[in-house]
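Data block below; observations after.
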Amino acid sequence: MRRCTAVCAAASLERFVLEAASGEYGIDGADAILCEKMELDVASGSVSVSQMSVIDLELSLASGNVAYEGSVAKTLRIDQASGEFRLGQCSPAPETIAGSLASGHIILELPADTALKANVNKTSGNFTNDFAESAGDSSQPCDLSFDIISGNLEVLGVE
């Protein structure tokens with residue numbers, strides 16, 4: 001198994017793209033990075049992103065595992081065929097989360113005071129949501145729109 005770690009030291013990036021066929025990848029923003037757009041295209045393997053602050057995050061996951069810790073200001077787009085994606089303690093929540101899940105597992109950890117509006121269409125699988133519709137702080141809105149063929153989508157409220 002190959003391990004690749006990227007430590008970003010610049011103050012900001014316009015765009016960061018990772019195309020991973022297999023292996024293990026680590027990206028550490030060291031709390032100093034503002035990235036306008038991050039694109040993760042993962043065929044297989046494991047990707048861990050920590051301490052990043054992005055405006056838009058786009059994830060295409062065929063298989064494998066992706067963990068993202070940091071902030072996403074505007075848009076999180078997820079297209080997942082299989083595998084697992086975890087958005088860990090993203091504060092504040094993105095304005096928009098949209099995507100599709102064919103199979104696998106997605107876990108989204110959002111601040112407990114998020115005003116989440118969810119529109120989820122599913123053929124099979126599970127959708128669990130810690131947020132009651134129209135609850136939360138109206139200054140922290142998040143629109144969730146997802147299509148699920150199979151698999152599990154969990155939206156968790158964290159303090």
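Only the coordinates and a few stated rules stand behind these numbers; no lab work does. This is a predicted model, so every value here is computed, not measured. Note: ideal-geometry Cβ built from the backbone for every residue, glycine included; neighbour counts use all protein chains shown.
Relative contact order for the chain: what percent, with Cα pairs under 8 Å and sequence separation of 6 or more? Walk me through the numbers on the way to the answer.
Details: 521 pairs, mean separation 24.9, N = 159.
Relative contact order here is 16 percent.
Grab the beta carbon distance between Ser145 and Gln89, set R0 = 22 Å, and tell me the FRET efficiency rounded to 0.05.
Values: r = 22 Å, r/R0 = 0.99.
That gives a FRET efficiency of 0.50.
Using the Kirkwood formula on the Cα atoms of region 3-158, what hydrodynamic radius do you get, in angstrom to one decimal?
On the way: mean 1/r = 0.0646 Å⁻¹.
Result for region 3-158 stands at 15.5 Å.
Using a Förster distance of 41 Å, how high is the FRET efficiency between Ser124 and Arg15, based on the Cβ-Cβ distance and rounded to 0.05? Please list the in-between numbers first.
Details: r = 36 Å, r/R0 = 0.87.
About 0.70, to the nearest 0.05.
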